[in-house]
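The values are calculated or read from the model by the stated rules, or taken from the named source; none is laboratory data. All values reported here derive from a predicted model rather than from experimental measurement. Methodologically, a virtual Cβ is constructed for each residue, glycine included, from the backbone with ideal geometry; neighbour enumeration extends over all protein chains shown.
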Amino acid sequence: MLNFFKKYRYLLIEIGFIAFISLIPFLWFKPNHVILGLDSGYAVDFVLWLKQRIFTWLPSQNFGIDLSAEVGVVPYNALPAIIELLGVAHYFVQRVLLSLWFFIISISIYALTRYIFPKKEHWIIRLTAVLIYVFNFHLYSFFLQGEQPMLSSYVILPLFALLLLRFVRGKPSLIRTAIYLNFVYLFFGSGGVRGVPLIGPVILTSFAIFLFFFFVTSSKNRFDYLRKFLSLGICSGIFFIFFNAYFLFPFLISFSLQYGNQVAIAGGIDGAVNWAKFISTHTSFINLFRLQGDNNWYDNPYYWSYPYFTNPLLIVGSFMLPILAFLAPVFVKERKDKIIILFFAFLGLFGLFLSTGAHPPLGNIYVFLMERIPGFAAYRSGYYKFIPAVYLAFSILIGFSAYSIISKIRFKKASLLGIIFILLILLYHFPYFQNTNFNIDNPFNLMVKVPDYVLKFAQYENKLPDTYRTLVVPPPADAYNIKTYKWGYFGSYPIFPLITDRGFVINDQFVYNENENKLITSLYGSLQRDDLKSFLDTASTTNIKYILVTSDVAKDYFMSFTEDPSVFRSIINKNKDTFRLVWENGPWQLYEITSINPKKVEAFDSVTLSKAETSSIDSLFKADYIPFITSKGLPADLKVPIRGEFQDFSCASCHMLEDTQEVGITSPKIYPTSFLYPLKLKFENDLKKAVTEDEKMNALLGLTLKRTAELDKLNYVSVQSETDWLRASDLLYSYWMNIKILYNEKYKNSSNYATLRLISRYLTLERNIVSNIINIRDLKKENTRLGKSLSATLSEIQKIDKSLHEKLTETDWETNFVYDISSAYGQIFLNPNSLFRDAFNKPIYPIAYKINNTSYNYPQSDNKIFLQLPEDKKILTLTFSLPNLFNNPAEKTVEFNKETKRCLVSPIDNYSGMKRYVTNAKVAEENAGFIYVKRDYDIFKSQKSKTLPADFFNPEMEVGAYTGGTGNFIYQFRGSANDRKASIYFCTDKLLDPNVIFKDISVTELIHPQVYSYNNQSELQNKIPEITFSKIDPTNYKVTVKNATDPFILSFSERFSPLWEAEIGGKNIPEHFLLNGYANGWYVENKGTYVINLTFKPQRWLQIGVITSCFTIAGSIIYLLFAFFNHVKNKNK
Amino acid sequence: MLRIKINKNLFKQYRFHIAIAIIVLGALLLPRIPYVSLFAQYSIGFLLWISVIVAIGFKGITLIKIGVASFLILLLLTLLNEENLAEQIGNATYLILSTGIILVIFDTLKSKR
């Protein structure tokens, strides 16, 4: 034993040192605090969280979430649960866990360095490499969140490098290397499919090793090298499938569904590119060389990183990192070391290039890769994903330089210099020794003390039946919002799945689903309006039995506006017959909705067929229409009995109220004077591809814009060859002629306002440009062919403009709404939720309506429009009389920053920050006035918002009274969710009189009335069977059907997924469809008494995958043991 | 048969001028060529730079030393808050260092053979 210690004493000392520094995470925690929120992924109840995650379906979040792609993360969720189950006290679990990760990361880089530099005197290289690798600010930011998949990516990186370098050097064998690589991936794969972006540096390093040593290998051996690596790739790939079957199988089964979702969440490639640009704001080479560039560091004086920009010593320290790293190739002398050092320098530079992401000057290449290489968009955060490779390279290079420098200094106690160097590294990374860096924006913190009432609520909730859902109020104002609580929680993830496994519904868009989001908004909206009937109908259909009021939300915090809890509390308290208080502690109250008894599994005889857009979904949640199916994506041969048809009609004229997007021209790359111009024209085939009228019109407008952009150059250059330009001009003329024909035939008398407005925008821009060319060049006088051609074009544009202007100004679009109802039958309705509401919260119905050209008076207080529609019905026009919200204006003198103005001021009646408004006025003198909207709102005091004054005149909306020569000023605006009230100011210079400048001022709410029709069809007499069900686990329900005599519809209120299957005696029910906009429905024709098995398919594949993985792991261990004993046996021989 | 003899010494003598001519020509021509992919632009740009370096006769290790020395200039600029200039020189440093490393790698490979 003593000999062992003697023999390995240096190794043990080094590992002992690593173990000692691994205790650093213990310094970070305050008593009774845990890491929670932002992207940490930690639960409050580790065990319960793990129990939810061993299934591929998570029912506790909104209407259920498919976790088939998340199975790879389960081992990381298991770690804290296992530590707790081993008897570690709850508040110590994360300390132990982070220490463990600290140690494993350090040991992994230590193993690599020891392999490359094994000599005793190389200790300074080994320990420096460990310290630079583990004390790094990229890793630190993930340590602060305890983000285990990222921590594990720091383990896998050096281990992969080690195994591949060993393989390059000829040992061990191919099969064993493949098995080792897969074992490393199995334990530290960063979370399976979700972890793929995190192992970017591993892919990069592996590729760099392959490439570098390919060139290093002598040319005659290169083919062997290629063959060897290719074999390793194939062999590892095969092992990979079997080792990781546990997450691969369920993922593959749901791949097509997952992919669409993920792309939608990321906002498509464009969204990913924009994100990449944002993340790369500070990733210049100068920052990256110094191992900086994290977007969170900058413009934030409260952040722990701030001293690194201001303290000269730390700035000098930061430059020492690249200096030492790139001195390594200068110092290296021995050939063997030289190859390794050059490899890491190469890796460092390669990693730096990718870490810059979309930052100039090479950012365009990165964007190009994102756009062109399938899957590369997953690396949209270049800095976060690739910088670990730079750290790996720098740690080895700096270690080597430190060793070289210390060896060169003629000092007897070289070890002392080494120790001083190590201390300097630790000193430079001083934030690692602080416990105050979890702060996000005080009081919001990643390290929080979870209040007692939250923990007690979880205990209570866990005892309630797990087949109901609880609605959380107040909702975050925006589904994408951060959720914040006054006690410090700050996370994009809702807190509820972290504390309990019961179902919660909250306005949160964890998985993108437009229908579901509308449905949740509708739930909140009906409760907020005190429209109890609509609320109960929707709650009943969505299986909501409880309401939790959380009054501790940070309502007015600028990053997470939340609706006012008192509004919901007062409505709930007003309706005591419906809502019964069942639990209360501190600011949280739980109410039971007593008047409904929702059922997770239910039977119906027939459905409503909805041909509606998503925007009408709240109209559908009425007892009369439930359950409903949507015609979009419905199987063609579906036999489900239809009891009525629902259809909505889009408001054609509402396009006139949308904010306009300006059309602009960009400089073309090829001008008519270029010899490539005919080629350019040849490739313009949008018009040939166009099928519909709108596509043709769009293509024509696009072509006119291209020609106009080319001709615009005539404003700046002299014409050398008129013939070249004439070609573009003649083409422009012919396009506008075609537009005129198409316009007269198809658009002039249509209600296609979207396209009409588009034509108007193109037309205005191009008319101005063409007219400018004619005037500036004086082409009329010159009487050239080009001048004639352009004048003819201008004349055609003006003709269309005249007709279009008449059409677009024929009525007041804020009070008149046009719908194409030619396909309607049955009765026509107005959705009252889409109308203006007066001070008493009553909807204002139209005063009149018109079908085709016949006018009718509207029956007041009725949302039905017409009982029997005429046969030739085509166009419906609704006319409203909306109140002017600009009442009793007072004249005031207002002091602005540097000037005094006279203003007409009025509060906006019944204002809400969530609504859109439009203001109109007649202006006597162009540009003589200014209009301001002053919003009054509360601000939640946080570290960042403290600097803003709470009450100030800050007209964030300011616009000049520009009318474009018409004399009529129009301006649309919208406030913010935390606004309490707002006033509008019509101001002039103090020498002018606003009463003279502004006349007929009005402010009206912009509404978008929803019109729909319902046609009641035959009443069915089908008998519905008696149904009971039991939940086996979140992915398996047993439904017992008793005495079914007729076919029926089975509804199951978990989010629809084609992977949910219903089986009777092992046979699938084929007719599976989306029910009620979110749930699963099946059409069941079997008669008698039987059991239906509802199962989520990926769970079965998870089980098969787990068994496959276990067998592969066991087989691999046996193979390795066999190989080991063989090796020992051969050695002894 | 016409044979053109290239005087190697003459080439060596004027390599600096030739390199500059290539880089100037490239800079003038590249943006004029429409629809040249970014890859091509950057690759040609990098090749031009390398050809200049090789033509001038810089050794990889000298370039690395220049790169390391430029970190001291960068440090000074950062301390003086000259961020924009520092960023530009930082980009140049990356180019110098990567060229240096590539040349050293090639030198090492050559010496091996």
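One table, with the values for the structure above:
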| read-out | value |
| --- | --- |
| Residue pairs meeting the criteria (Cβ under 9 Å; at least 6 apart or on separate chains; first under 14 Å from A:LEU352 (Cβ atoms) and outside the structural domain of A:MET150 (by TED's automatic domain parsing), in region A:366-386; second of a type in the set (Asp, Glu) and buried (at least 22 other Cβ atoms within 10 Å of the Cβ)) | none |
| Filter result for the condition that a residue is touching a helix residue (DSSP H, G or I) at 6+ places or on another chain (Cβ under 8 Å), more than 14 Å from chain B (Cβ to nearest Cβ) and among the polar types (S, T, N, Q), over A:THR704, A:THR673 | A:THR704 |
| Residues of region A:902-929 satisfying the condition of being closer than 15 Å to A:PHE998 by Cβ and among the hydrophobic types (A, V, I, L, M, F, W, C) | A:CYS903, A:LEU904, A:VAL905, A:ALA921, A:VAL923, A:ALA924, A:ALA928 |
| Residue list for region A:349-400, restricted to those being of a type in the set (Ser, Thr, Tyr) and within 23 Å of B:ALA92 (Cα to Cα) | A:SER355, A:THR356, A:TYR366, A:TYR383, A:TYR391 |
| Test result for A:THR809, under 30 Å from A:ASN738 (Cα atoms) and touching a helix residue (DSSP H, G or I) at 6+ places or on another chain (Cβ under 7 Å) | no |
| Given (1) outside any helix (DSSP H, G or I); (2) within 24 Å of the chain's Cα centre (by Cα), number of the condition A:TYR366 does not satisfy | (1) |
| Those residues of region B:71-88 which are part of a helix (DSSP H, G or I), surrounded by fewer than 18 Cβ atoms within 10 Å (Cβ to Cβ) and not acidic (Asp, Glu), in sequence order | B:LEU72, B:ILE73, B:LEU76, B:LEU79, B:ASN84, B:LEU85, B:GLN88 |
| Residues located in region A:274-294, provided they are away from every other protein chain (no Cβ under 14 Å) and within 12 Å of A:HIS359 (Cα to Cα) | A:ASN274, A:TRP275, A:ALA276, A:LYS277, A:PHE278, A:ILE279 |
| Any hit, region A:307-330, residues being buried (at least 18 other Cβ atoms within 10 Å of the Cβ) and in a loop (DSSP other than H, G, I, E, B) | no |
| Check on A:PHE535, without any contact (Cβ under 8 Å) to a residue 24 or more places away in the chain, buried (at least 17 other Cβ atoms within 10 Å of the Cβ) and not small (Gly, Ala, Ser) | yes |
| Number of the condition not met by B:TYR35 [criteria: (1) surrounded by 13 or more Cβ atoms within 10 Å (Cβ to Cβ); (2) within 14 Å of chain A (Cβ to nearest Cβ); (3) modelled with pLDDT under 70] | (1) |
| Top-ranked residue in region A:830-859 [being among the aromatic types (Phe, Trp, Tyr) and part of a loop (DSSP other than H, G, I, E, B); ranked as farthest from A:ASP531 (Cα to Cα)] | A:TYR858 |
| Residues that are at pLDDT below 90 and either surrounded by 19 or more Cβ atoms within 10 Å (Cβ to Cβ) or in contact with an Asp or Glu (Cβ under 6 Å, 6 or more places away or on another chain) (or both), drawn from region A:499-510 | A:ASN507, A:ASP508 |
| Condition met for B:ALA69 (within 19 Å of A:LEU397 (Cβ to Cβ), modelled with pLDDT of 75 or more and facing chain A (nearest Cβ under 10 Å)) | yes |
| Flag if A:LEU455 is surrounded by fewer than 18 Cβ atoms within 10 Å (Cβ to Cβ) and at pLDDT 90 or above | yes |
| Criterion: within 23 Å of A:PHE490 (Cα to Cα), surrounded by fewer than 24 Cβ atoms within 10 Å (Cβ to Cβ) and not polar (S, T, N, Q) - qualifying residue of A:VAL74, A:VAL93 | A:VAL93 |
| Odd one out for A:ASN437 among (1) out of contact with any Lys or Arg (no Cβ under 9 Å at 6 or more places or on another chain); (2) more than 21 Å from A:PHE319 (Cβ to Cβ); (3) not in a loop (DSSP other than H, G, I, E, B) | (3) |
| Near pairs, Cβ below 8 angstrom, 6+ apart or cross-chain, from region A:308-337 (within 7 Å of chain B (Cβ to nearest Cβ) and over 19 Å from B:ILE64 (Cα atoms)) to any residue that is among the aromatic types (Phe, Trp, Tyr) and assigned to a helix (DSSP H, G or I) | A:ILE315/A:TYR308; A:ILE315/A:PHE309 |
| Some residue of region A:431-441 being buried (at least 20 other Cβ atoms within 10 Å of the Cβ) and either of a type in the set (A, V, I, L, M, F, W, C) or out of contact with any helix residue (DSSP H, G or I) (no Cβ under 9 Å at 6 or more places or on another chain) (or both) | yes |
| Residue within region B:74-85 that is under 11 Å from the mean Cα position of the chain (by Cα) and at the interface with another protein chain (Cβ under 10 Å from one of its Cβ atoms) present | no |
| Flag for A:VAL184 being crowded, with 17+ Cβ neighbours inside 10 Å and without any contact (Cβ under 8 Å) to a residue 60 or more places away in the chain | yes |
| Sole residue being of a type outside the set (D, E, K, R), surrounded by fewer than 24 Cβ atoms within 10 Å (Cβ to Cβ) and away from chain B (no Cβ under 11 Å), chosen from A:ILE373, A:ILE398 | A:ILE373 |
| Unique residue being touching a strand residue (DSSP E or B) at 6+ places or on another chain (Cβ under 8 Å) and part of a loop (DSSP other than H, G, I, E, B) when the list is A:TYR91, A:TYR42 | A:TYR42 |
